[in-house]
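Note sheet for the following structure.
The values are calculated or read from the model by the stated rules, or taken from the named source; none is laboratory data. Note that the structure is a prediction, hence the values are computed from the model and not measured. Note that each Cβ is placed from the backbone with ideal geometry, even for glycine, and that neighbours are counted across all protein chains shown.
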Amino acid sequence: MKALIFNPELTIGDVPEPEPGPSQALVQVQAVALNFGELAYRPEGLGPDHVSGWDAAGIVVRAAADGTGPLEGTRVATFGWSGAWAERRVVDVGDLAVVPDHVDLGAAAALPVAGTTALQAVRRLGPIRGRRVLVTGASGGVGRFAVQLAARAGAHVIASVGSPERGAGLAAAGAAEIVLGPERLRDRVYGVLDNVGGSQLAEAFLRLEDDGVVQAIGKASREPTVIDFELARVRSARGRIENFNISVPLGDDLDHLVSLLAAGKLDPQIGWRGPWDRATEAARALLNRRVAGKAVIDLPSSNSSNAGGEDGPVGS
């Protein structure tokens, strides 16, 4: 079968067919969503036939042999730590969710990692109704979901972005304020959903309320975080930082997000969409922060529209 492989950049090549285990379904992939982490922090030493990719949506073509999970012909959104960037993938039945017929599979493909990361991180802040919550890297995939979900939970959401252009659409998504970095905050915040790391995480920590908490989610800056705790004491910063890791299986959370999407209560915020022969272009755009939200790739078997894809090359 065909798949996207690194050779050394993303190219379409031939790989062996995946073989599902007893509690795995075989899915014909129609759309995949790229994530910053799987591109920027790809493990070394992977073989030439290794198929990367976390997020995909498609149709079950072989139900799990143990009788669990959806039947053949069911539309699903899926998650796994590899295997998404191919014509077919195997997925544990606990890491998929059924997608209603009226929901675009490309939109559903955008949900698994970014959407469930945002959902779980918002939950870990605890009750946030009426409280100030900062989202750094708010223009990215996780960030745009976090803005929406924190706003739905009743928070006063402040979206931090790198430029005014990157903030486009965030007010409509639920941001009460948009700032150019945590240092521009006017008041302290209870919670921080940090997708950037580095100096922004350090700055955000200094602006916590006494009982505040940072969920350290991502490292889009690719910089280590150095915190001057003496400065934190001078500024009376008494909050805490928690290292966020997504909890699996994702099936229940993914099902919740699909239901919100189906009801028109969640926007997948797709900023780039195109066919998989433009995957390298999409990857470069995502790594260079030229995508507002999610980048979605349609496979040739998909009948989805390619609307939203950018024309012309994207520089590295």
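In table form, for the structure just shown:
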item: In segment 14-37, the residues that are within 13 Å of Leu4 (Cα to Cα) and either small (Gly, Ala, Ser) or modelled with pLDDT under 95 (or both); result: Ala31, Ala33
item: Qualifying residue in segment 165-175 (condition: of a type outside the set (D, E, K, R), without any contact (Cβ under 8 Å) to a residue 60 or more places away in the chain and either touching an Asp or Glu at 6+ places or on another chain (Cβ under 8 Å) or not in a helix (DSSP H, G or I) (or both)); result: yes
item: Count of residues meeting criterion [of a type in the set (D, E, K, R), out of contact with any Asp or Glu (no Cβ under 9 Å at 6 or more places or on another chain) and not in a loop (DSSP other than H, G, I, E, B)] in segment 129-156; result: 1
item: Any chance Gly126 is more than 19 Å from the chain's Cα centre (by Cα) and not in a strand (DSSP E or B); result: yes
item: Residue list for segment 243-258, filter: within 20 Å of Val91 (Cα to Cα) and either free of Cβ contacts under 8 Å to residues at least 40 places away in the same chain or of a type in the set (Phe, Trp, Tyr) (or both); result: Asp252
item: Residue check for Glu44: closer than 22 Å to Arg273 by Cα and assigned by TED's automatic domain parsing to the domain that holds Leu287; result: no
item: Qualifying residue in segment 196-219 (condition: in a helix (DSSP H, G or I), surrounded by fewer than 16 Cβ atoms within 10 Å (Cβ to Cβ) and of a type outside the set (S, T, N, Q)); result: no
item: Pro43 vs. criteria without any contact (Cβ under 8 Å) to a residue 12 or more places away in the chain and either surrounded by fewer than 24 Cβ atoms within 10 Å (Cβ to Cβ) or over 16 Å from the mean Cα position of the chain (by Cα) (or both); result: yes
item: Those residues of segment 1-59 which are in a loop (DSSP other than H, G, I, E, B) and of a type in the set (Gly, Ala, Ser), in sequence order; result: Gly21, Ser23, Gly45, Gly47, Ser52, Gly53
item: Lone qualifier among Ile246, Ile217, Ile227 - being of a type in the set (Val, Ile, Thr), modelled with pLDDT under 95 and under 23 Å from Gly140 (Cβ atoms); result: Ile227
item: Subset of segment 167-195 that is at pLDDT 95 or above and basic (Lys, Arg) - its residue that is farthest from Gly271 (Cα to Cα); result: Arg188
item: Residue match in segment 287-302 (condition: more than 17 Å from Leu39 (Cα to Cα), touching a strand residue (DSSP E or B) at 6+ places or on another chain (Cβ under 8 Å) and modelled with pLDDT under 65); result: yes
item: Residue count, segment 233-284 (criterion: of a type in the set (D, E, K, R), farther than 30 Å from Glu9 by Cβ and not in a strand (DSSP E or B)); result: 8
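Per-residue answers, yes or no, for (1) surrounded by fewer than 24 Cβ atoms within 10 Å (Cβ to Cβ); (2) aliphatic (A, V, I, L, M); (3) touching a strand residue (DSSP E or B) at 6+ places or on another chain (Cβ under 6 Å):
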position	(1), (2), (3)
Thr117	no, no, no
Val135	no, yes, yes
Gly140	no, no, no
Gly143	no, no, yes
Val157	no, yes, yes
Ala172	yes, yes, no
Ile178	yes, yes, yes
